[in-house]
Amino acid sequence: MKKLSILILILSSAFAYAQTPEEKGLEIAIEADKRDQGFADSSSKMTMTLKNANGDESIRKMRSKTLEVQGDGDKGLTIFDQPADVKGTAFLSFTHVLDADDQWLYLPALKRVKRISSKNKSGPFMGSEFAFEDLSSREVEKFSYLYLKDEAVDGEDAFVIEVRPNYKYSGYTRSVVWISKEKYQPLKIDYYDRKKSLLKTMTVSGYQQYLGQYWRPDVMVMANHQTKKETRLDFADYKFKMGLSERDFNKSSLKRAR
Amino acid sequence: MISKMIKTAVSCALLFGFSQVKAGEWSGYVAAEYRGFTQSKLDAEQFDKSSLSLSFEPEFYHSWNGGDDSFTFVPFARWDEHDPQRSHVDIRELVWLHVAQDWELRVGIDKVFWGVTESQHLVDIINQTDLVENLDGEQKLGQAMLSLSLIKDWGVLDLYVLPGFRERTLPGKDGRFRSIPEVDDHTVYESGAKDKHMDYALRWGQTFDDWDVGISHFYGTSREPRIIPTVTPAGLRLVPYYDIINQTGLDVQATFDEWLWKVEVIHRSGQGETFNAFTGGFEYTFVGVMDTAADFGVIAEYLYDDRGSDPAVAFDNDIFVGGRLAMNDAASSELLFGIISDVNNRTRFYNIEASRRFGDSWVLSLEGRFISAGSMGGPFSSIRKDDVIQLELARHF
C-alpha cells in the first residue's frame with residue numbers, strides 16, 4: 001500500500017512536471033470554479049459611479065439576484081433603482097456555457113417585456129466602463145486558458161493566466177487575469193480589445209469570505225485606458241442561500257421585480 | 001367616468017387594506033411639453049401654432065409579507081393649454097398583487113401589455129388607448145380587472161375578468177389630431193349594459209428556447225370605436241360606436257443572435273365584417289457601430305389588414321422601415337425613427353423620437369410626426385395639416 005502511494009506520488013509529480021501552460025491555466029480555472037460552487041443563490045446591492053475624463057460623476061443603483069445552475073450558466077435578475085427615469089427597469093438573463101444567452105428586458109412605463117438580442121456582450125452596461133460580459137457568470141468552458149507566471153498584486157500572491165473567450169461576439173481578443181492563490185478570485189484583469197491593444201484594467205479589492213467559503217469583493221474599479229473614463233462598482237448586502245428557485249427568474253417575476 | 005374610477009379606486013383601497021400600508025415609496029415624474037405645429041389648422045375651431053401642456057405621474061408602492069403582497073397606486077394628470085379634452089386625470093394603476101409559488105393574483109386597476117412588434121400593437125387589447133396623450137397610441141388608460149396568472153411548466157396562463165369599459169380619449173373640437181368634424185361625445189354601445197359590460201380575456205405564453213410565443217383571446221367591448229356618420233337635427237355628427245367583439249391573437253418572436261423576427265396576427269369578429277390583420281418583420285442590430293459603444297438596429301415590418309377598402313383602417317397594406325440608435329452612453333441617448341408607407345397610394349407617415357438624460361433626474365425628449373396624406377378621404381386626410389414637433393422636459397423622482 002505504501003509502495004503504491006509512493007508510486008502515485010512519483011507519477012503525479014512527474015505528470016505535474018510535464019504539465020503544459022494550457023493545462024496549468026485550465027487547472028487554475030477549474031479550481032476557482034470548484035471553490036465557488038454550491039452557493040445556490042445570492043443577492044447583492046450595487047452602486048455604480050461613472051466618471052468621465054473631466055471627472056464628472058453619475059450614479060447608478062441596482063440590485064441583483066443570481067441562481068446557480070448546475071451544468072449550465074447561472075440565471076440572473078437585475079433591478080434598476082437609479083437614475084430615477086429607469087427605476088423599475090429589470091433585466092433577466094439565462095446565461096449558457098457556449099450558446100447565446102437568453103435575455104429579457106422589462107420596461108415599466110409600457111409594462112412591456114422585450115426579449116432582446118444577446119449579441120451585445122461587448123456593449124457597455126448602463127453606459128459604464130463595464131461590458132455585459134465583464135459582469136456575467138464565468139463558466140470554465142467559456143474560455144481557454146494559458147498559465148503565464150506567478151506575480152503578486154499589492155503583496156498578495158497570484159497566478160497570472162491569459163484567458164481567451166470561446167464564445168461569439170466578445171469585445172476582447174484576450175484578457176490577463178491575476179488570480180489570488182489564497183482565494184482563487186481575480187485581483188486584477190487587463191482586457192485587450194479586438195485590435196489587441198490594452199483597453200481596460202479592472203482592479204478588485206475588499207474581498208470578504210461568506211459562509212466560510214465564498215469570497216466576494218466590496219469594490220471593482222474598471223479603468224478605460226483609451227477614453228480615460230472610469231467606473232467604480234461598490235457591492236453591499238451580500239446574501240446567500242435564500243431559497244430562491246427558477247420561479248424567481250422567469251418573465252412573470254421579471255414583470256413584478258421591484 | 002372619472003368619479004366612477006375614483007370610487008372604484010377608493011373601494012379597492014379599503015377592500016385590500018389601505019390601513020396595512022405603513023411606509024411605502026414614492027417615485028414618478030412631472031413634465032412640461034411644448035408642441036409646435038408647422039402648418040396652419042385645417043378646421044377653424046382648432047387651435048393654431050403651438051400648445052403647452054403639463055403632466056404629472058406619481059407612483060406609490062408598498063410591499064409586505066416578504067414581498068408576496070404589494071400595493072401600487074399610479075394616478076396621472078395632464079393640463080393642456082388649448083384642448084379641454086386633453087386636460088384629464090386617470091388612475092393608471094391601483095392594484096393589489098399577491099404572489100404564490102405557481103400563481104399570481106391582481107385585483108384593482110392595472111395595465112397589461114401583449115405583443116412584440118414595433119410599428120403597431122395589434123394583439124394588445126386589455127387597456128384602452130389614451131389617444132389624447134400621444135398619436136402613437138402607446139399611452140393607455142387604467143383598466144379595472146381581476147386577473148389570475150398560473151405559472152406552470154407548460155407556460156403562463158393569464159385569465160382576466162374586466163368589469164367596466166373605458167372609452168377611448170379623443171381630442172375635442174379645439175384640439176389637433178382629430179377628424180373633421182370632431183367625434184361626438186354621445187357614445188353608442190352595441191351592448192345594453194353600455195360601459196358596464198363584463199369583458200373576459202385569456203393569454204397563454206411560453207418560451208421554447210429562442211422562441212417566445214403567446215396565444216390570446218378577448219371577448220367584450222371593442223377598444224377601437226367605429227366612427228359612424230349620423231345625420232341629426234343639428235347637422236352631421238360622427239358618433240363613436242363600440243361593438244361587442246371576439247378577438248383571437250397570436251404573437252411570436254424568434255431571437256437568433258442579432259436577428260429578432262416578430263409576428264402578430266389577429267382575427268376579430270363582431271365589428272362589422274369579420275377581419276384578419278397582420279404585422280410582422282424583423283429587427284437586426286449592429287453592435288458597436290463604427291468602433292463606438294453605440295448599437296444600431298434596422299427595423300422593417302409589413303402591416304396588413306383585410307378590411308382594405310375601409311377608409312378608417314390606417315394600415316391595410318403598408319411597409320414600416322425604421323432605425324433605432326442607442327448610444328449606450330451615460331446620458332442614455334437614444335434615437336428612433338421610421339416611415340410607414342402605404343403600398344397602394346402615396347400616404348406616408350414619418351416619425352422620429354429622441355431622448356437623453358441631463359444630470360441624474362432630467363430627461364429631454366423630442367418627437368416629430370409628419371404626415372403626407374396621399375389621397376383625400378384616406379385615414380390621415382383629416383390630420384394632414386397636423387405635422388408636429390414636440391419637446392418634453394421631465395423631472396423624475
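The values are calculated or read from the model by the stated rules, or taken from the named source; none is laboratory data. Because the structure is predicted, anything quoted here is derived from the model rather than measured. Glycine also receives a Cβ, built like all others from the backbone with ideal geometry; neighbour counts cover every protein chain displayed. Remember, those area values only see protein heavy atoms, side chains included, never the ligands or the DNA or RNA. Shrake-Rupley method; radii C 1.70, N 1.55, O 1.52, S 1.80 Å.
The condition of being surrounded by fewer than 17 Cβ atoms within 10 Å (Cβ to Cβ), under 30 Å from residue B:157 (Cα atoms) and among the hydroxyl-bearing types (Ser, Thr, Tyr) holds for only one of A:245, A:197, that being A:245.
Would you confirm whether or not the range B:153-173 contains a residue that is modelled with pLDDT under 95, outside any loop (DSSP other than H, G, I, E, B) and out of contact with any helix residue (DSSP H, G or I) (no Cβ under 6 Å at 6 or more places or on another chain)? Taking every residue of the range B:153-173 in turn, none turns out to be modelled with pLDDT under 95, outside any loop (DSSP other than H, G, I, E, B) and out of contact with any helix residue (DSSP H, G or I) (no Cβ under 6 Å at 6 or more places or on another chain). Candidates are the residues of the range A:152-166 that are open to solvent by less than 30 Å² (accessible area, probe 1.4 Å) and under 16 Å from residue A:33 (Cβ atoms); the one that is farthest from the other protein chains (Cβ to nearest Cβ) is A:159. Being within 14 Å of another protein chain (Cβ to nearest Cβ), surrounded by 17 or more Cβ atoms within 10 Å (Cβ to Cβ) and within 21 Å of the chain's Cα centre (by Cα) is true of residue B:203.
Restricting the range B:342-360 to residues that are at pLDDT 95 or above and small (Gly, Ala, Ser) leaves a set whose member that is surrounded by the fewest Cβ atoms within 10 Å (Cβ to Cβ) is B:354. Read through the list (1) more than 14 Å from chain A (Cβ to nearest Cβ); (2) modelled with pLDDT under 95; (3) in contact with a strand residue (DSSP E or B) (Cβ under 6 Å, 6 or more places away or on another chain), then give the number of the only condition that residue B:309 fails. Every listed condition holds for residue B:309 apart from (3).
Of the residues that sit in the range B:124-152 and are among the charged types (D, E, K, R) and in a strand (DSSP E or B), which one is surrounded by the fewest Cβ atoms within 10 Å (Cβ to Cβ)?
Only one residue tops the list, namely B:152.
In the set A:142, A:149, only one residue is away from chain B (no Cβ under 13 Å), basic (Lys, Arg) and surrounded by 20 or more Cβ atoms within 10 Å (Cβ to Cβ); that residue is A:142. The set of residues in the range A:92-110 that are closer than 26 Å to residue B:126 by Cα, in contact (Cβ under 8 Å) with a residue 40 or more places away in the chain and either aromatic (Phe, Trp, Tyr) or surrounded by fewer than 20 Cβ atoms within 10 Å (Cβ to Cβ) (or both) comprises A:104, A:106. Scan the range B:27-34 and tell me whether some residue there is part of a loop (DSSP other than H, G, I, E, B) and either farther than 18 Å from residue B:143 by Cα or more than 12 Å from every other protein chain (Cβ to nearest Cβ) (or both). The answer is no, given that none of the residues of the range B:27-34 is part of a loop (DSSP other than H, G, I, E, B) and either farther than 18 Å from residue B:143 by Cα or more than 12 Å from every other protein chain (Cβ to nearest Cβ) (or both). Taking first residues from the range B:330-359 that are facing chain A (nearest Cβ under 10 Å) and partners that are of a type in the set (Phe, Trp, Tyr) and open to solvent by 50 Å² or more (accessible area, probe 1.4 Å), the Cβ contacts under 8 Å between residues at least 6 apart in sequence or on separate chains come to B:331/B:358.
One residue stands out in the range A:84-126 among those that are assigned to a strand (DSSP E or B) and over 21 Å from residue B:112 (Cβ atoms): the one that is nearest to the other protein chains (Cβ to nearest Cβ), namely A:124. Of the residues making up the range B:290-306, those that are within 14 Å of chain A (Cβ to nearest Cβ) and in a strand (DSSP E or B) are B:295, B:296, B:297, B:298, B:299.
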